[in-house]
Amino acid sequence: MEIVNVKHPLRDSQIPESDIVLIMGFFDGVHRGHQKVIQRGVDLAHEKGLKSVLLTFDRSPREIYQHEENYKYISTMDRKAELVEKLGVDYLYFVEFTTDFASLAPQDFVDDYMVRMRSKYIVAGFDYTYGKKDIANMQTLPDYAKGRFEVVTVPEQTINGDKIGSSTIKKLVLDDQVDTANTYLGYDYQNQGHVVHGLQRGRTLGYPTANVVTSNDQLKPSIGVYVTRIEIDGKWYQSMTSVGYNVTFKEDTGVTIECNIFDFDRDIYGKDVRVEWLHYLRGEVKFDGADGLVKQLHKDKMDALNYFKEHED
C-alpha cells in the first residue's frame, strides 16, 4: 500500500494514473463497521479491475468545525495506516484538514477530489458527510455526482442491535469496558509508546514495571488494572498493566501506564513498545502500605495468568 500525504489543493502529480474505487471516511479506530465499508470498496475494485483508494484526514474534522481541544484518537495515523493496509487497500490518502480545506462547498469537494481523482465508484458508510450533514450526505451525493460516478452506501453495522461507532467505542474504553470495546473493534485495543525511567518502586516490591509514555492524543483506558500484552522488538509478552495515580504512596506522577511483564528481565528503557489491552481486572485501590499492595499484585497476576490460560488459541 502506498501512502500519499495531501495538502489542499490536490496536486496533479497526486492524481491516480487510472480509474479508481474511492473509499471515503475518517475511520478512527478502523472498527468492524469501518472494516465493512473498506472491504466493500476493496472487493468492488477487484471485481471491476480498478485500484482501491482510501481518502481520509490527518485529524478529526471536529478539531476544526467544533474547535475541540485535546481530542483523543482511537488510532494514530500510523496505526490507522497499519489497519487499513491489512484490508488490502492499494493507496491511502491523508488529506491535511485545514480551515481552507474545511471551507470547501460540497460541490467543490466532489469536483476537486472525488471526480478529479478519477473515481468511478464512491464507497462510504450510510452516515458519511462532506460538509453540513443536512445538505452533504450520502442521499444527496448522487445529485452532486451528476452521473460521473456511482455511489455505493454501506448500511449501519450493529452488534446485538447497537450501532458500531467510534464514539461508542471511546466511551467503552473510558468506562472500564475494554473487553466490549474490543468486540466492537474486531481486534484488541492498543496504545503505542516508549519506555521511560520511572520511580522504580515496583522493583522494590518484586513487581518491576515498564513505565510506558504515549503521545497525548491517544485515547488511554480508564483508571485500573488490566490483563495486557506488550510488544517489544517485534515479540509479544504476557503482562498486567496499571493505569493510575500511584495513590498508595501519594506520589504526584499524574496518570501513568506501568506494565509488569511476566517472565521477563531485560533493560528496555528507550524502547518503542505497544500495549494491547485485553481485559479489565479491577479499579485503583489505595492500600495502607506496601504489604497490602504486594498481596493484591500477587492476586492480579494470578487472575491475569488464569485469563491467558482460559483464552489460549
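The values are calculated or read from the model by the stated rules, or taken from the named source; none is laboratory data. It should be emphasised that the depicted structure is a prediction, and the values quoted were computed from it without experimental measurement. Cβ placement follows ideal geometry from the backbone for every residue including glycine, while neighbour counts extend to all protein chains displayed.
Observations, loosely collected:
- Verdict on residue 100 being modelled with pLDDT of 95 or more, among the acidic types (Asp, Glu) and surrounded by fewer than 16 Cβ atoms within 10 Å (Cβ to Cβ): no
- Among the residues making up the range 169-186, those that are of a type in the set (S, T, N, Q) and in contact (Cβ under 8 Å) with a residue 24 or more places away in the chain are 177, 182, 183.
- Selection within the range 149-187: residues that are charged (D, E, K, R) and in contact with a Pro (Cβ under 9 Å, 6 or more places away or on another chain). The member of this set that is surrounded by the most Cβ atoms within 10 Å (Cβ to Cβ) is 176.
- Residue check for residue 178: at negative phi and touching a Phe, Trp or Tyr at 6+ places or on another chain (Cβ under 6 Å): yes
- Whichever residue in the range 254-277 is charged (D, E, K, R) and crowded, with 18+ Cβ neighbours inside 10 Å and, among such residues, is farthest from residue 195 (Cα to Cα): 276
- Counted residues, the range 131-152 - those being modelled with pLDDT of 95 or more, of a type outside the set (A, V, I, L, M) and touching a helix residue (DSSP H, G or I) at 6+ places or on another chain (Cβ under 8 Å): 4
Yes or no, residue by residue, for (1) surrounded by 16 or more Cβ atoms within 10 Å (Cβ to Cβ); (2) hydrophobic (A, V, I, L, M, F, W, C); (3) over 20 Å from residue 125 (Cβ atoms); (4) outside the structural domain of residue 110 (by TED's automatic domain parsing):
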| site | (1), (2), (3), (4) |
| --- | --- |
| 6 | yes, yes, yes, no |
| 19 | yes, no, yes, no |
| 34 | yes, no, no, no |
| 39 | yes, no, no, no |
| 65 | no, no, no, no |
| 68 | no, no, yes, no |
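Results for (1) at pLDDT below 95; (2) within 13 Å of the chain's Cα centre (by Cα); (3) of a type in the set (Ser, Thr, Tyr), shown as yes or no for each residue.
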residue: 14; (1), (2), (3): no, no, no
residue: 25; (1), (2), (3): no, no, no
residue: 32; (1), (2), (3): no, yes, no
residue: 65; (1), (2), (3): yes, no, yes
residue: 73; (1), (2), (3): no, yes, yes
residue: 83; (1), (2), (3): no, yes, no
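- Of all residues in the range 42-58, those satisfying the criterion of being farther than 12 Å from residue 25 by Cα and either touching a Ser or Thr at 6+ places or on another chain (Cβ under 7 Å) or not hydroxyl-bearing (Ser, Thr, Tyr) (or both) are 42, 43, 44, 45, 46, 47, 48, 49, 50, 51.
- Every condition in (1) closer than 15 Å to residue 231 by Cβ; (2) touching a Leu at 6+ places or on another chain (Cβ under 8 Å); (3) hydrophobic (A, V, I, L, M, F, W, C); (4) at pLDDT below 95 is met by residue 264 except one, and the failing one is (2).
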